[in-house]
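Following: one structure in structure tokens, then a few remarks.
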Amino acid sequence: MINKITGAVAASLLATTAIAGGLDRSGQGTSAIFNDPGTVSFSAGQVMPSITGTDSLGNPLDVAPSYTRLGGSFVMEMSENFNVGFIYDQPFGADIAYGGSPLTSMLGGTSADVNSNAISVLGKYQLNENISVFGGLRLQSASAKVQLNGQAYALGISAGGVATNYATAMIGVGQTPPSNITALLAGAVSTDAATAAAAQAAIDADAAFTAIGVSGATAATTVSTAVTTFLGGGGYSADFASSSGVGYTIGAAYEIPEIALRAALSYHSKVKHEFATTESLPIKATPASTTTAYTPQSINLDFQTGIAADTLLTASVRWADWDQTQITPSGLGSNLTSFSSGYNYSLGVARRFNDNFAGSVSLNYEAEGDGSVGSALVPSSGSFGVTIGGRYTMDNVTVSGGINYTKVGDALVGVGGTQAGSFSDNSVVGIGFNVSMSM
């Protein structure tokens, strides 16, 4: 019963769109380890977001292109009670691109392209009819390209670049740079006359600035020139070359085969990456460096049980610790990410209509945030969606698929807590299919 019904739910997982917490995409499922030995499967999905909004200057935003997701698995029997499974997925990713001219928009030219691949090798040992334990290693690769541009980034990054150059010069002549040097430089070019005058006066009165021959007026000119150079020179970019890391998965399951009940709990460790990083910033030298970052640890709870003849109830909860994921390249000197840990939930029903065909309906949910300004690279907050799936079996080959519609929550995005744009009334459509064969 399990194999003939649950596939209608499992096969449509790639259709479940994941504009989820952080950069989550695959959910790092381990259900394949429970397949019959000799089962090989391949999955593919296409995700088509419609994420639109308006920046703080009134420019329209349409930031999320479509993308493809792939997955696969193979399970083999090593002994009567021990199976080994190989699972391929693409656990994390992002495809965000803000159009428009950086000169006339808040975020024009800002983009992020994050990709990852993982292969898990898991062993499952059946302790008795009801209890099994599983675990193994996960080899994960990741790479990313990030571009920051537009009015929202120009002043802060430009003032920071000038501040670094000035601080180096101050230290060179035995002076201690002011702790608020970046804020002073940003204030010196403020559109508010009183703020600009106060900042320039503070620069004039500071001995460290005097020692390197910089006045409030010359500092303001330097920062203004840096802003123009930043906007016209492509802004800031960082290329994080592909990095590989190893993590682990451990879990346990309780089953009652007579009623198709299974409760499986799995833990996925964080994975350390050391990215060879190339940065480009028109106003500051940015030598090649290495950026250390971690993909998050997570916990999955998956549950299913028969509730009537040929009818199965499924549910799952996933928690991912996105608070620990920070990416701070040395040239920029600040964290590129702003993600919060959270939970994703799903609830579904699957039914077998005959020996060949089964269908399913499931709901997916993620709570919205607190309404505060978030990262421009995550233009949504929370989601609620529905997936419809079907599965058809022909001898030892099963073909299944599904379609998902998810309504994503409204979001405010910006830089350093200052709003630069807003997104509302958005949605995502995903389609997916799976082909599996028992050998």
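Mind listing just one residue for me: the one in region 257-269 that is in contact with a strand residue (DSSP E or B) (Cβ under 8 Å, 6 or more places away or on another chain) and either of a type in the set (A, V, I, L, M) or without any contact (Cβ under 8 Å) to a residue 12 or more places away in the chain (or both) and, of those, most open to solvent (accessible area, probe 1.4 Å)?
Ranking the candidates gives L265 first.
When you go through (1) in a strand (DSSP E or B); (2) closer than 30 Å to D410 by Cβ; (3) free of Cβ contacts under 8 Å to residues at least 60 places away in the same chain; (4) open to solvent by less than 20 Å² (accessible area, probe 1.4 Å) one by one for S116, which number turns out not to apply?
Single failed check for S116: (3).
Looking only at region 212-236, filter to residues that are part of a helix (DSSP H, G or I) and free of Cβ contacts under 8 Å to residues at least 24 places away in the same chain; which one of those is nearest to the chain's Cα centre (by Cα)?
Out of the qualifying residues, it is T228.
Of these, D204, D239, which one is on the phi < 0 side of the Ramachandran plot, free of Cβ contacts under 8 Å to residues at least 24 places away in the same chain, surrounded by fewer than 20 Cβ atoms within 10 Å (Cβ to Cβ) and touching a Ser or Thr at 6+ places or on another chain (Cβ under 9 Å)?
Going through D204, D239 in turn, just one is on the phi < 0 side of the Ramachandran plot, free of Cβ contacts under 8 Å to residues at least 24 places away in the same chain, surrounded by fewer than 20 Cβ atoms within 10 Å (Cβ to Cβ) and touching a Ser or Thr at 6+ places or on another chain (Cβ under 9 Å): D204.
Hey, among S360, S383, S334, S427, which residue is more than 23 Å from D24 (Cβ to Cβ) and either touching a Lys or Arg at 6+ places or on another chain (Cβ under 8 Å) or at pLDDT below 95 (or both)?
S334
Against the condition touching a residue at least 12 places away in the same chain (Cβ under 8 Å), closer than 25 Å to G109 by Cβ, among the charged types (D, E, K, R) and buried (at least 17 other Cβ atoms within 10 Å of the Cβ), how does D55 come out, does it pass?
Answer is yes for this residue.
Could you say which residue among D370, D395 is without any contact (Cβ under 8 Å) to a residue 24 or more places away in the chain and either under 30 Å from V40 (Cα atoms) or among the β-branched types (V, I, T) (or both)?
After applying the criteria, what remains is D395.
Quickly run through region 145-195 and pick out the residues that are open to solvent by 20 Å² or more (accessible area, probe 1.4 Å) and of a type in the set (S, T, Y).
Y153, T164, Y166, T168, T176, S179, T182, S190, T191, T195, listed by residue number.
Can you tell me which residue among S79, S50 is over 30 Å from K407 (Cβ atoms) and surrounded by fewer than 17 Cβ atoms within 10 Å (Cβ to Cβ)?
The match here is S79.
The values are calculated or read from the model by the stated rules, or taken from the named source; none is laboratory data. This one's a predicted model, so the numbers in the text were calculated from it and none came from an experiment. Reconstructed Cβ throughout: ideal geometry from the backbone, glycine too, with neighbour counts over all protein chains shown. Note: areas computed on protein heavy atoms with side chains; ligands, DNA, RNA excluded. Shrake-Rupley method; radii C 1.70, N 1.55, O 1.52, S 1.80 Å.
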